[in-house]
Each structure stands twice: as structure tokens, then as C-alpha cells.
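We did not get these values from a lab; they are worked out from the coordinates using the rules stated. Everything numeric in this text was worked out from a predicted model, so none of it was measured. Here the Cβ positions follow ideal geometry from the backbone for every residue, glycine too, while neighbour counts run over all protein chains shown.
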Amino acid sequence: MRRKIKEETSNEMNPKEFLKAVENIVSEKNIDKEIVFEAMETALTTAFKKNYGKSNSKVLINRETGSIKVYSYLTVISDELEGVDEEGNAFVKEVNPELEITLSEARKINRTLEIGDTIDTEITPKSDFSRVATSTAKQVVIQKIREAERSSIIADFEDKEGEMLLGTVALEDSDNYYIDLGRSNGVLPKKEIIPGEKIEMGSSIRVYVVKIDNTGRNLLIKLSRSHYGFVRRLFEHEIPEFADGTVLMHSVSREAGVRSKVAVYSENANFDPIGACIGEKGSRIANIIKELKGEKIDLIRYDKDPKIFIENALAPAKNVTVLITDPKKNEAIVVADNENFSLAIGKKGINAKLASRLTRYKLDIKKEEDAKELGIKIQ
């Protein structure tokens with residue numbers, strides 16, 4: 001409980017201008033108004049103690065009027081100034097009249113006071129405090145506001161990891177593009193763009209949030225357009241059946257700028273998930289391919305049977321035989337005839353690599369004659 005008993009001076013700071021400044025900070029930085037007021041009070045209290053040497057002082061700001069006042073305070077303590085401590089030693093407590101007041105003396109001022117309450121006396125200096133204290137407090141307030149703004153921005157972005165965002169290309173250096181995401185910039189390394197694509201300053205761009213790192217001084221939002229998760233989010237954005245659960249995505253593998261494989265399925269046996277992804281006259285898949293700058297996409301039907309899933313994943317190769325050699329280690333041998341062997345492997349081995357990633361199986365692809373020489377029986 002606090003009781004103000006005396007006013008000594010008036011506050012000459014302009015309350016209306018102060019409140020307007022606070023409103024501007026709150027609006028511009030999108031932070032809680034109370035955080036700004038508390039930061040101001042803390043900073044001004046520190047400044048007053050430093051410049052006026054009053055350790056038992058505090059600054060309070062009226063949230064409605066904007067008036068700023070300084071108070072010194074006395075803490076109410078017990079009248080029992082003599083006693084024995086826990087170790088049995090006798091003691092006599094001396095009252096510090098600049099910091100403390102006994103309960104009996106305090107109740108001469110106000111009968112409702114209890115031990116631990118404070119008696120406040122306004123000691124707001126004249127205009128000199130407005131100049132000295134505000135100057136001293138400025139950096140402290142700025143730091144508090146930065147901390148609050150950072151916390152607010154982190155709260156806005158902390159659940160965006162693994163999501164696709166729309167931003168604007170704001171800056172570029174030798175290694176990165178800097179994407180304006182609204183309240184913060186993200187970093188898109190040039191090695192994380194789609195090979196061959198040209199990015200123009202000021203253009204809108206979709207990006208995938210790989211990681212959000214808030215452990216350093218500044219929030220770091222790491223972006224990518226070559227990550228396989230970018231393809232996943234594009235499909236979910238373009239095809240509404242993913243949102244309602246009619247179409248489900250099992251996995252995605254990608255070689256950015258070359259080819260992606262996307263495994264989809266539906267729990268409704270009468271629904272065609274691949275057809276839904278393609279869309280009428282290929283409109284849906286065309287939009288995705290356009291965003292991926294012409295990257296080829298293989299739509300793969302997922303199957304719970306790993307043999308069938310691997311067969312599907314090796315498209316455009318056909319008529320391949322899959323032998324699961326070690327289900328615990330996810331290892332399989334794939335046998336293909338001469339016509340389909342090169343298709344199963346793909347240019348520079350990309351098709352086999354993407355199928356392996358998609359199915360999470362280590363695939364050993366062999367020609368029929370090689371399989372026979374090794375004694376591999378093809379069922």
C-alpha cells in the first residue's frame with residue numbers, strides 16, 4: 001500500500017507529446033503499450049538515481065494523462081528494534097531515517113499502514129530533470145523497446161519454420177538475397193535458389209522457411225527455394241484436396257531445377273489423387289511447374305507394399321522387379337530389362353537417387369543378365 005503525503009514541485013514535461021510519442025512507438029513497433037511504459041519508468045528511475053543520488057526513489061507514469069512524477073519512499077518496519085536472532089545473539093536495529101519508518105510513527109500519518117507498506121513523497125524536479133533524465137534514459141529505453149520488438153517479431157515467426165511465405169526481394173549481396181517478410185527480413189542464399197532462375201529486385205517471391213534462429217543478437221530467418229519442402233508446400237497451396245484430407249502426401253524427393261518426385265495417395269479407394277494433383281487440362285500441375293521454373297515433376301502413387309511403392313517410384317521405368325533383401329535396413333534389389341535399365345537409373349543417376357530418397361530404401365539396380373549371373377531369382 002502506498003500513501004502520498006506531500007507534493008513539492010510540478011512536472012514540466014509535456015504529457016500530451018509524451019503520450020503521442022508512446023502511441024507512435026506502439027504503432028510502429030507493434031509492441032504492448034505497458035512494456036513501453038515500464039521501460040520508461042525503469043529508465044527514468046535509473047537516470048534520477050544517477051543524477052540526484054536518491055537510492056529510495058522511483059518514477060511513475062500516469063497511463064491516462066502522461067504525467068511523469070518522481071517519488072521518494074520510506075518503508076514501514078516493525079517497532080521491535082531489539083531482539084534475539086536465530087543464533088541466539090541479541091541485536092539492536094537502527095532505523096535509517098532516509099529509508100525507513102517504524103510502524104508506530106507511520107500510523108501517526110496514516111492509521112491503515114502496515115509493515116512493508118511505503119509512504120511516498122513526490123520530489124519531481126523542475127525542467128532540469130526533463131533534460132538530464134530524458135537524455136540519460138534514452139539509450140535504456142531504446143534497448144528495452146528493441147528487446148520487446150524482437151520478442152514480438154519472434155512470436156510472429158516462431159511457428160513459421162517449415163512453412164512457405166510470400167515476400168519481396170529487398171536487397172542483394174554477393175552471396176544472398178534479403179527478402180522482406182513484413183516485420184523482418186529473411187536470408188535466401190543464392191545457392192538455395194532454383195538453378196537458372198533470375199530474381200529481380202522488388203519482385204514478389206515465394207520462399208520456404210528452413211530454419212528460424214533466435215539465439216543470436218538478431219533474428220535469423222533462413223530461406224530456400226531449392227529445398228524439397230518448398231515443393232511440398234506448393235502442392236498443398238495449389239491443390240485444395242490436401243487441406244480437406246482427401247489427398248495425402250507421403251513423401252517428396254527433389255533435385256532442384258531438374259526433377260522432383262511426389263508420392264501421394266488417398267484413403268478413398270474411388271478417388272484419384274494423381275488426377276487431383278494434375279487438375280483439369282493439367283492446370284494445377286502447370287502452375288506448380290511454372291513456380292519451379294520448368295522443373296519436371298513425377299507424381300507417384302504411394303503404396304503400403306514397399307515393392308509396389310518402389311516400382312512406382314522408379315517411373316518412367318516400367319516392368320521392373322523389386323526384391324526386398326533386408327526389410328530392417330530398407331535395402332532392395334531392382335532388376336530391369338535393357339530397355340528400362342537406363343530409365344530406372346536416369347541421367348547422371350538422378351532417377352534412382354530420387355526414388356531411393358522417396359521410398360527411403362537403398363536400391364541396387366541391375367540388368368536382367370547381371371542378376372542371372374549373380375544367381376538372383378526373378379519371380
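Odds and ends about this structure:
- Where the alpha-carbon atoms of region 222-378 are placed on the principal axes, they occupy 49, 34, 33 Å, in descending order.
- Dividing the summed helix terms, -39500 (n - 2.57) for each DSSP H run of n ≥ 4, by the number of residues in the chain produces a 222 nm estimate of -10500 deg cm²/dmol to the nearest 500.
- Listed peptides 142-150, 116-124 by packing density, highest first (mean Cβ within 10 Å): 116-124, 142-150
- Of the residues Leu220, Met249, Ser204, the one whose Cα sits farthest toward the positive end of the charge dipole of region 203-308, with +1 on the Cβ of Lys and Arg and -1 on the Cβ of Asp and Glu, is Leu220.
- Most positive-pole-ward Cα, Val36, Ala21, Tyr265, against dipole of the chain from beta carbon charges: Tyr265
- Positive end of the dipole of the chain (Cβ unit charges, origin at the Cα centre): among Asn287, Thr325, Val70, the Cα lying farthest that way belongs to Asn287.
- The ellipsoid equivalent to the alpha-carbon distribution of the chain has semi-axes of 72, 26, 18 angstrom, derived from the gyration tensor eigenvalues as √(5λ) and listed largest first.
- Placing +1 on each Lys and Arg Cβ and -1 on each Asp and Glu Cβ, with no other charges, gives region 292-379 a dipole about its Cα centre of roughly 440 debye.
- Axis of helix 228-238 versus longest Cα principal axis of the chain: the two differ by about 90°, to the nearest ten degrees.
- In region 241-277, GluC sites (Glu not before Pro) in a DSSP loop with at most 10 other beta-carbon atoms within 10 Å: Glu267
- Taking θ as phi - 60° and the Karplus parameters 6.51, -1.76 and 1.60, the scalar couplings of region 266-280 work out to 9, 7, 8, 4, 8, 9, 9, x, 5, x, 5, 6, 6, x, 5 Hz in sequence order, x denoting glycine and proline.
- Less than 5 angstrom separates the built amide H of Asp303 from those of Phe309, all sequence-distant by 5 or more or on a different chain.
- Debye, to nearest 20: dipole size of the chain, +1 on Lys, Arg Cβ, -1 on Asp, Glu Cβ: 1460 debye
- Cα-centred dipole magnitude for region 164-224, charges only on beta-carbon of K, R (+1) and D, E (-1), debye, nearest 20: 220 debye
- Both radii come from the Cα set of region 303-379: Rg as radius of gyration, Rh as Kirkwood radius; their ratio Rg/Rh reads 0.93.
- ³J(HN,Hα) computed for each position of region 363-372 - Karplus, 6.51 cos²θ - 1.76 cosθ + 1.60, integer Hz, glycine/proline x: 10, 10, 9, 10, 6, 4, 5, 5, 5, 5
- Pairwise centroid distance, computed over Cα atoms, of region 48-82 with region 205-237, Å: 49 Å
- Interchain or long-range residues, amide H under 5 Å from Glu331's placed H: Thr325, Asp326, Lys362
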